[in-house]
Amino acid sequence: MVEIVGGIATTHVPSIGKAIAENKHNDPYWKPFFAGFDYVHRWLADARPDVAVVFYNDHGLNFFLDKLPTFAIGAAKEYRNEDEGWGIPVSHAIAGDPALSWHLINGLIADGFDMTVCQEMLVDHAVTIPLALMWPAAAQSGAWPVKIVPVEINTVQHPLPSVARCLDLGRSIGRALETYPQDLRVVVIGTGGLSHQLDGERAGFINKDFDRMCMDELAKAPETIARYSIHDLVEQAGAQGVELLNWMAMRGALTGAVVEVHRNYHIPVSNTAGATMVFENRPRPNLKAA
Ligand code: DHB
Ligand code: FE
């Protein structure tokens, strides 16, 4: 049986990769951000996941504007990274879990999520930076302690899937995970955000109040956030702040009693409101009694 041990959400800004390569963890600019991962490392050491389901958005490495699925899922044996032009080291490849991927794909399609299925898939900084933050030693050696199932959400080319739809996508994956017969400990990860806008008249836009509201509601009442339309989300979080969709899918995949156990919020990380959260997925009290 699968145990969904919890969820982690984090910013995926590429310059974090440069700071890691230059060992700037204690630099005054970077310390408040990296320090937020001490707890994550302790939590992961306890949670001991075998697999990470990673909700993220590709930025032009695997998909481009010519062909851009709304939702895609990896079913590959291995996922490689390539130079995206950010000036950061190319990450070590990471193993996939094709059998689990296909189980999730069957569940998703039965639930009406007509996924694009990728048996070959490059993963960009939206996967590699969060993995490097969570498992820094493995990022150096390439001996990752988890396999991954990447789930890609279009946050780039409008029209985007709605916030509610992304929450439901996560819920479908959570249900499918619970029916997988193999004993596996699974962590779900959502990357990107929080508020940021990289281009146009509002470049540099950040919205602390909106970010705080999202972080406050995510564990207990994600439906509150799901009521926002995509256009409201662009207005409130910035054109790239819509990466919050990945956080919503992560939250949806947590099927139990969800408890926030860690939060770090720091401005700025490059142009972004840097945020890291950890959620536990505890057994529901009514299930315990049954
Ligand atoms: C930045 C943020 C992102 O989400 C991204 O994908 C690239 C760059 C930034 O703040 O620099
Ligand atoms: Fe991004």
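Here are the numbers for this structure:
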item	result
10 Å Cβ shell holding at most 16 others, DSSP loop, chymotrypsin sites (Phe, Trp or Tyr not before Pro): longest site-free stretch of the chain	87-290
Long-range lysine pairs (8 or more apart or interchain), the chain, Cα under 25 Å	7
Residue-by-residue Karplus 3J(HN,Hα) for region 71-80, coefficients 6.51, -1.76, 1.60, Hz, glycine and proline x	10, 9, 9, x, 9, 9, 6, 8, 10, 9
Rg in Å to one decimal, and Dmax rounded to a whole Å, for region 111-237 via C-alpha atoms	16.7, 51
Under-5 Å amide H pairs with V13, H placed in peptide plane, nonlocal only	none
Enclosed volume per residue, in Å³, of the convex hull spanned by Cα atoms of the chain	124 Å³
Of V5, H92, G112, farthest towards positive along the dipole that unit charges on Lys, Arg, Asp, Glu beta carbons give the chain	V5
Whole-Hz couplings from phi, Karplus 6.51/-1.76/1.60, listed for region 101-108; x for Gly and Pro	4, 5, 4, 5, 4, 4, x, 5
Extreme residue, positive dipole direction of the chain, given options V187, N23, H231 (C-beta unit charges)	V187
Test item: Cα-centred dipole of the chain, Lys/Arg +1 and Asp/Glu -1 on Cβ, debye	740 debye
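Bear in mind these aren't lab numbers, they're just calculated from the coordinates by the rules spelled out. Predicted, not measured: the structure shown is a model, and the values here were computed from it. Quick reminder, even Gly has a Cβ in these numbers, built from the backbone with ideal geometry, and neighbours come from all protein chains shown.
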